């Protein structure tokens, strides 16, 4: 029998006790574990199995890039989330994932994304026209809606009925909350099935798919071409067969775009405004650096991108991800069998004193120095890494740059006594980001 050498960690009973704390406060509990055991530690994942959690950048790079062929996404994502949003890029694995990635990737090339800048900018301008001001403005719901509007408009470039928009937005939020509850409390999975919770969410998913299906049918019947992501999906053809995606495949990928491109962007925009409100000197630097910028200058502005990157360092959109070993493997003295889940803890890495100077401080300038750029890329994972690097990273950065630029030149920000909280679901959702917002004269 092979003997494996896992990182130090918790026994079966220690894991059970820790799980109760993880449900209440994952970030604090995982931080305490890192303090106790180091950058990598293990927990029980059953009677005999173990799971590894790591914020070691070399281990993360090994899993995501150097030996990525030996790792796939675990059932926690592919099955628990996939049963509601389908088998798209976020939830698929293996040969099917690679085929879909190669098919869709050209649609997210930077030159293609540039064709959507006009839609993004118009959506942002329309949104800011009626943006609320006052001493107590709750920012997250507004940023969530803005990001959703951008996804809707760049996907479809048509006016959707308000009720359809509400159904789509509600489904994206509710399914994420249910899935993360199911993942964190696996002992209740049987109850979620028995009580009808799973069935209820599946009905919501089918209703959502029906709305999207009708949009596709209307587009196909119109014979009109649009410069949007839906046309890209409809026109995409597999290299080997020349065939298009099936309708169900297109629906899967649309739902992935909503999940991946909606809440993550809304989160980052919320955190960015919160941080700028609390650091007026950084806000003034940003205003000066982006004055009278064109659209193209805005999306490439070094100071603006640094502000966004520093927000994603402190509050990474995907704060943790996982991979499962397909075959036995080893790294840096550790060894583990096939089937071992590796949790990649980006939030911990991004705030580690071992890798960052003054990691708890908000300092966008750290992203402006040429020196150390290459080294920084090894410890900064805002969009994941390796072949599964987020396909929409250029889209998201352009959208966020355009919004932040327009916002700070139209509104002034100030903090309030309300203390924001990070809620770690599938994404790192902000709660209690309440700011004073004044329209600039």
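Given the conditions (1) farther than 22 Å from residue 160 by Cα; (2) in contact with a helix residue (DSSP H, G or I) (Cβ under 8 Å, 6 or more places away or on another chain); (3) in a loop (DSSP other than H, G, I, E, B), report the number of the one that residue 225 does not fulfil.
Going through the list (1) farther than 22 Å from residue 160 by Cα; (2) in contact with a helix residue (DSSP H, G or I) (Cβ under 8 Å, 6 or more places away or on another chain); (3) in a loop (DSSP other than H, G, I, E, B), residue 225 breaks only (1).
For the structure I just gave you, tell me whether residue 283 is touching a strand residue (DSSP E or B) at 6+ places or on another chain (Cβ under 8 Å) and surrounded by fewer than 23 Cβ atoms within 10 Å (Cβ to Cβ).
Numbers: touching a strand residue (DSSP E or B) at 6+ places or on another chain (Cβ under 8 Å): yes; surrounded by fewer than 23 Cβ atoms within 10 Å (Cβ to Cβ): yes.
It is true that residue 283 is touching a strand residue (DSSP E or B) at 6+ places or on another chain (Cβ under 8 Å) and surrounded by fewer than 23 Cβ atoms within 10 Å (Cβ to Cβ).
With 254, 342 as the choices, which residue is crowded, with 23+ Cβ neighbours inside 10 Å and closer than 30 Å to residue 58 by Cβ? Lay out the reasoning, then the answer.
Working: 254 fails: closer than 30 Å to residue 58 by Cβ.
Answer to the check: 342.
On the given criteria, is residue 23 touching a residue at least 12 places away in the same chain (Cβ under 8 Å), surrounded by fewer than 17 Cβ atoms within 10 Å (Cβ to Cβ), in contact with a helix residue (DSSP H, G or I) (Cβ under 9 Å, 6 or more places away or on another chain) and closer than 16 Å to residue 183 by Cβ?
Numbers: touching a residue at least 12 places away in the same chain (Cβ under 8 Å): yes; surrounded by fewer than 17 Cβ atoms within 10 Å (Cβ to Cβ): yes; in contact with a helix residue (DSSP H, G or I) (Cβ under 9 Å, 6 or more places away or on another chain): yes; closer than 16 Å to residue 183 by Cβ: yes.
So residue 23 passes the test.
Please name all residue pairs, on different chains or six or more residues apart, with Cβ atoms under 7 Å, provided the first residue is in the stretch 409-436 and is without any contact (Cβ under 8 Å) to a residue 12 or more places away in the chain and the second residue is buried (at least 21 other Cβ atoms within 10 Å of the Cβ).
As it stands, the answer is 423/429, since those pairs meet every condition given.
Which of (1) in contact with a helix residue (DSSP H, G or I) (Cβ under 9 Å, 6 or more places away or on another chain); (2) surrounded by fewer than 20 Cβ atoms within 10 Å (Cβ to Cβ) is the odd one out, the single condition residue 270 does not satisfy?
(2)
Suppose we keep only residues that are modelled with pLDDT under 80 and out of contact with any helix residue (DSSP H, G or I) (no Cβ under 8 Å at 6 or more places or on another chain) within the stretch 182-201. Which one would you say is farthest from residue 427 (Cα to Cα)?
190
Hey, among 231, 182, which residue is surrounded by 14 or more Cβ atoms within 10 Å (Cβ to Cβ), without any contact (Cβ under 8 Å) to a residue 24 or more places away in the chain and part of a helix (DSSP H, G or I)? I'd like the intermediate steps shown before the answer.
Details: 182 fails: without any contact (Cβ under 8 Å) to a residue 24 or more places away in the chain.
Testing whether each residue is surrounded by 14 or more Cβ atoms within 10 Å (Cβ to Cβ), without any contact (Cβ under 8 Å) to a residue 24 or more places away in the chain and part of a helix (DSSP H, G or I) leaves just 231.
Residue-by-condition table, conditions (1) at pLDDT below 95; (2) under 26 Å from the mean Cα position of the chain (by Cα); (3) under 19 Å from residue 340 (Cα atoms):
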residue: 10; (1), (2), (3): yes, no, yes
residue: 15; (1), (2), (3): yes, no, yes
residue: 40; (1), (2), (3): no, yes, yes
residue: 43; (1), (2), (3): yes, yes, yes
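Can you work out which of the residues in the stretch 395-416 that are in contact with a helix residue (DSSP H, G or I) (Cβ under 7 Å, 6 or more places away or on another chain) and assigned to a strand (DSSP E or B) is surrounded by the fewest Cβ atoms within 10 Å (Cβ to Cβ)?
That would be 414.
Exactly one condition in (1) farther than 23 Å from residue 181 by Cβ; (2) out of contact with any helix residue (DSSP H, G or I) (no Cβ under 8 Å at 6 or more places or on another chain); (3) surrounded by 13 or more Cβ atoms within 10 Å (Cβ to Cβ) is not met by residue 41; state its number.
Among (1) farther than 23 Å from residue 181 by Cβ; (2) out of contact with any helix residue (DSSP H, G or I) (no Cβ under 8 Å at 6 or more places or on another chain); (3) surrounded by 13 or more Cβ atoms within 10 Å (Cβ to Cβ), residue 41 violates only (2).
Looking at 313, 376, which is the one that is surrounded by 16 or more Cβ atoms within 10 Å (Cβ to Cβ), without any contact (Cβ under 8 Å) to a residue 24 or more places away in the chain and touching a helix residue (DSSP H, G or I) at 6+ places or on another chain (Cβ under 8 Å)?
Working: 313 fails: without any contact (Cβ under 8 Å) to a residue 24 or more places away in the chain.
Answer to the check: 376.
Which residue is surrounded by the most Cβ atoms within 10 Å (Cβ to Cβ), if the candidates are limited to the stretch 111-154 and must be without any contact (Cβ under 8 Å) to a residue 24 or more places away in the chain and within 18 Å of the chain's Cα centre (by Cα)?
Among those residues, the one meeting the criterion is 152.
Scan the stretch 297-310 for residues that are in contact (Cβ under 8 Å) with a residue 60 or more places away in the chain and either over 18 Å from residue 368 (Cα atoms) or touching a helix residue (DSSP H, G or I) at 6+ places or on another chain (Cβ under 6 Å) (or both) and report the count.
8
If you scan the stretch 58-75, which residues turn out to be crowded, with 20+ Cβ neighbours inside 10 Å and touching a helix residue (DSSP H, G or I) at 6+ places or on another chain (Cβ under 6 Å)?
Across the stretch 58-75, the qualifying residues are 64, 71.
Out of the residues in the stretch 417-441 meeting the condition of being loosely packed, with under 15 Cβ neighbours inside 10 Å and over 19 Å from the mean Cα position of the chain (by Cα), tell me which one is nearest to residue 77 (Cα to Cα).
Within the stretch 417-441, the subset loosely packed, with under 15 Cβ neighbours inside 10 Å is 417-419, 421, 431, 438-441.
Next cut, over 19 Å from the mean Cα position of the chain (by Cα) only: 417-419, 438-441.
Values: 417: 37, 418: 34, 419: 31, 438: 41, 439: 42, 440: 44, 441: 47 Å.
Only one residue tops the list, namely 419.
The values are calculated or read from the model by the stated rules, or taken from the named source; none is laboratory data. Just so you know, these numbers come straight off a predicted model, no measurement behind them. A quick note on method: Cβ atoms are made from the backbone with ideal geometry, for glycine too, and the neighbour counts reach across all protein chains shown.
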